[in-house]
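Values quoted throughout were computed directly from the atomic coordinates according to the rules given, and no laboratory measurement underlies them. No experiment lies behind these values; they were computed from the predicted model shown. Cβ atoms come from the backbone with ideal geometry, glycine included; neighbour counts cover every protein chain shown.
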């Protein structure tokens, strides 16, 4: 069992209280290479809209709007900061590793691969909080899936309700 | 039959003032635990656990069936529990009490069997902005099915119902008014007698959701003159999966059955069924017999403490807690009704309730965080969630002091 200090590390507190890239993209449309997706955690009321601007190769801009707890806000903020400018392939790899770290009870965290995102490794020991950290990532997952379908759809919302480990 | 009887006679308000009723609750013998989530579900006293195990160990059989003595005795215990609920609520007859799984099932039963046959498209169902989702969603579903319109009595800034708006909302199309007795999210005690009187003037039947009321105050359904009163056992120190609906006998007799099955029939041929009389026709299938008996034991327990003593003691805790939490900077209590139960729903400036809840858990303090299944209330106050400390007979002022100290540490940690 991690301590609360492991859950709320400096970096999490910092991003939780002063989130980066917390803004909307107005006129977000498929034609402009922009996709947005809503995420909602019905358990605690965390709400998010994640915006991604991409030419199909690189994620040129990521930002979000929403209100929730420190874990959720920090996770959203760091997602946008870390992934900005990365290629779609890189983003998919980080996304997979991040979700694996938080939702697979057996997984060993890989701080090397995730860089500073590894600070969320401690969340795994607080099962009721896993969904807070994964919500923006589930929204990103849905955006990437819609882009690879080339549908560009922004309909529907995701929730991270299934993200709970034993 | 009633192990508490002797003890009960010597219990009074002073007994509760000593250390609450904590000693009666096995789970709370863990001295480190500060349990402040009775509004979600209350802990169980030893006498309730004993009633459950005694029944399964020495008295168990199905009811209303066997000619053998064990089955007859089980039937007597089950029907005895119904009688305890009748007396607990002040109902005229025990047949006015129908066992259900809880308040939620009770409200769904009433939506289906009482209200549905009475509504036409354009008719109105009146509830309030203060309701738990269990007293909203069944009515929304019924509205979608029948074309009936759902209307809400609005809230005020103190978390009370705006009763000035009520007379106009009670129209000649209003078919039912369903209102909570005590708000789960705010603690507000609604003036249900007054509300029922206003509805009665317009000939509108009233359903009262008493899930959050019965653990804290004495209820007399005949004095209230409500048409129905529903509650859950698990918030009343009883088992989960059991609750009851009180209804006036004239209503039960006129209502179509709900679920079909065994135990609710007089005779079944291949062509048709003749239904049993109420309450049996609303209790299809083998019910939660042990749960009903456990609920009966829980009622004996709270009556042993005395509802008047419980109310008085919890009001003292409410006053003490208001002062203790008032000393925490940045803490704002949501729901400041003049008449309220010992519930503290609050926001802490700069720290989200979900983070507060995790920190409190780190200090072994159990609270509820979130929207409390009452999102329209959160919307009214413009907040996504609150932290809620809800008290029961086992709590003491020391629990509230522990809460306040932990909140001060949280403020320090988050540097607010």
>> On a full-extension model of 0.36 nm per residue, what is the gain between residue B:13 and residue B:137, subtracting their alpha-carbon distance, rounded to one decimal in nm?
In response: 40.7 nm
> Which value at 222 nm does the protein assembly as shown reach when only helices count, each DSSP H run of 4 or more adding -39,500 (n - 2.57), with the total divided by all residues and rounded to the nearest 500 deg cm²/dmol?
Replying inline: -11500 deg cm²/dmol
> What's the exposure ranking of B:127, B:383, going from fewest to most Cβ atoms within 10 Å?
Replying inline: B:383, B:127
> How would you rank B:230, B:48, B:206, going from fewest to most other Cβ atoms within 10 Å of each one's own Cβ?
Replying inline: B:206, B:48, B:230
> For peptide B:347-355, how many partner chain Cβ atoms fall within 10 Å of a residue's Cβ, on average?
Replying inline: 5
> Ranking B:139, A:137 by Cβ neighbours within 10 Å, fewest first, what do you get?
Replying inline: B:139, A:137
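Quick one: which of B:307-313, B:100-106 comes out on top by average Cβ neighbours within 10 Å, and what's the full order, highest first? Mind dumping the intermediate values first?
Values: B:307-313: 17.7, B:100-106: 23.6.
Per-residue Cβ counts within 10 Å, averaged per peptide and sorted highest first, yield B:100-106, B:307-313.
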> Between residue B:327 and residue A:18, what FRET efficiency comes out of the Förster formula 1/(1 + (r/R0)^6) with R0 = 51 Å and r the beta carbon distance, rounded to 0.05?
Replying inline: 0.95
> Given a Förster distance of 51 angstrom, what is the FRET efficiency for residue B:349 paired with residue B:271, based on the Cβ-Cβ distance and rounded to 0.05?
Replying inline: 0.15
> Gap in Å between the Cα centre of the range A:30-58 and the Cα centre of the range A:7-29?
Replying inline: 14
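If one computes P(r) from the Cα atoms of the range A:4-150, what percent of pairs lie at distances over 22 Å? All intermediate terms of the calculation are to be shown ahead of the outcome.
On the way: 3591 of 10731 pairs.
Pairs farther apart than 22 Å: 33 percent.
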>> Over the Cα atoms of the protein assembly as shown, each weighted equally, I'd like the Debye log10 I(q)/I(0) at q = 0.06, 0.07, 0.09, 0.11 Å⁻¹, rounded to two decimals.
In response: -0.37, -0.50, -0.80, -1.10
>> Could you tell me how many cubic angstrom of Cα convex hull volume the range B:52-303 has per residue?
In response: 122
> Averaged across the residues of A:44-52, what count of C-beta atoms belonging to other chains lies within 10 Å of each residue's C-beta?
Replying inline: 3
> How many Cβ atoms of partner chains, on average, are near each residue of A:64-72 if near means within 10 Å of its Cβ?
Replying inline: 4
